[in-house]
Structures are given as structure tokens and as C-alpha cells.
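See below for the structure under consideration.
The values are calculated or read from the model by the stated rules, or taken from the named source; none is laboratory data. Because the structure is a prediction, the values reported are computed rather than measured. Cβ placement follows ideal geometry from the backbone for every residue including glycine, while neighbour counts extend to all protein chains displayed. Accessible surface is based on the protein model in full, side chains and every heavy atom, while ligands, DNA and RNA are left aside. Shrake-Rupley method; radii C 1.70, N 1.55, O 1.52, S 1.80 Å.
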Amino acid sequence: MKFLFDLFPVILFFIAFKVSGIYVATGVAIAATFAQIGWLLARGRKVDTMLWVSLAIIVVFGGATLLLQDETFIKMKPTIVNALFGTLLLGGLAFGRSLLGYVFDSVFRL
């Protein structure tokens, strides 16, 4: 169930994209991510760090997409999120410490 909850903004984005196009879908993804965090906070649950980072990235790049009417910015979001993961993991290797436990803390017990 958590998997579907995590994919909630993505699913709504693709539905809105098919129905109305990239700009409406971008607005829907931003609103869905805010709603996702609001739901967790209203339930008294902890919001994962990666969800906060994802919100920041989608607000900045989605906002740039809507403001400048250029879909390139929203298309950069997955690349930036994956680059952050990779940088975090490589940084752990540089310091001789695995950061996988930190990254996957809410999913796996390492």
C-alpha cells in the first residue's frame, strides 16, 4: 500500500497528462505532492526526507515549467532526484561508510 501511496503524484500526473497535457499535469503533480505531505502530517506520521526533497524539486522545476511554459524543466525532475541519490551514495563511499541504511531506512531494515 505504501508503494501506491508513494506513486500517487506520478499516477495523477500521467492521468492528467493524457487528459489535458503537460502543463495541467504539472500543476496536478505539485498539488498531489502537497496533498500527500498534508495527509501524512494530518495523520501524525513522519514525512520521509526524500518526500520533502521531491516536493522541493517538483515545486521549483514544476513552477519553472508553468511560469516559463517550457516542459523541459519538469522533464528534468527524475534525473535530478536520481542524481541526488547517486551523489549521496557516492559520498558515503568517499567517506568509507555506506549510506544505504539512511536512504532506505523507511523501506528496509539493514
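Summary table below
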quantity: Charge-dipole axis of the chain as Lys and Arg at +1 and Asp and Glu at -1 on Cβ define it, positive-most pick from Met76, Ala42, Val28; calculated: Ala42
quantity: Taking only Cα atoms of the range 43-95, radius of gyration then Dmax in Å; calculated: 13.8, 41
quantity: Value at 222 nm in deg cm²/dmol, rounded to 500, when DSSP H runs of n ≥ 4 in the chain each add -39,500 (n - 2.57); calculated: -25500 deg cm²/dmol
quantity: 10 Å Cβ shell holding at most 12 others, DSSP loop, trypsin sites (Lys or Arg not before Pro): longest site-free stretch of the chain; calculated: 47-96
quantity: Local electrostatic count, Val81, Cβ distance below 15 Å [Lys/Arg +1, Asp/Glu -1]; calculated: 0
quantity: Cα-based reach from Lys18 at 20 Å (exclusive), listing lysines while leaving out same-chain residues under 8 positions away; calculated: Lys75, Lys77
quantity: Two-decimal log10 I(q)/I(0) for the range 1-88, as the Debye equation yields it once each C-alpha is a single scatterer, q = 0.14, 0.15, 0.24, 0.25 Å⁻¹; calculated: -0.49, -0.56, -1.26, -1.32
quantity: Per residue, in Å², the accessible surface of the chain once ligands and nucleic acids are set aside, probe 1.4 Å; calculated: 69 Å²
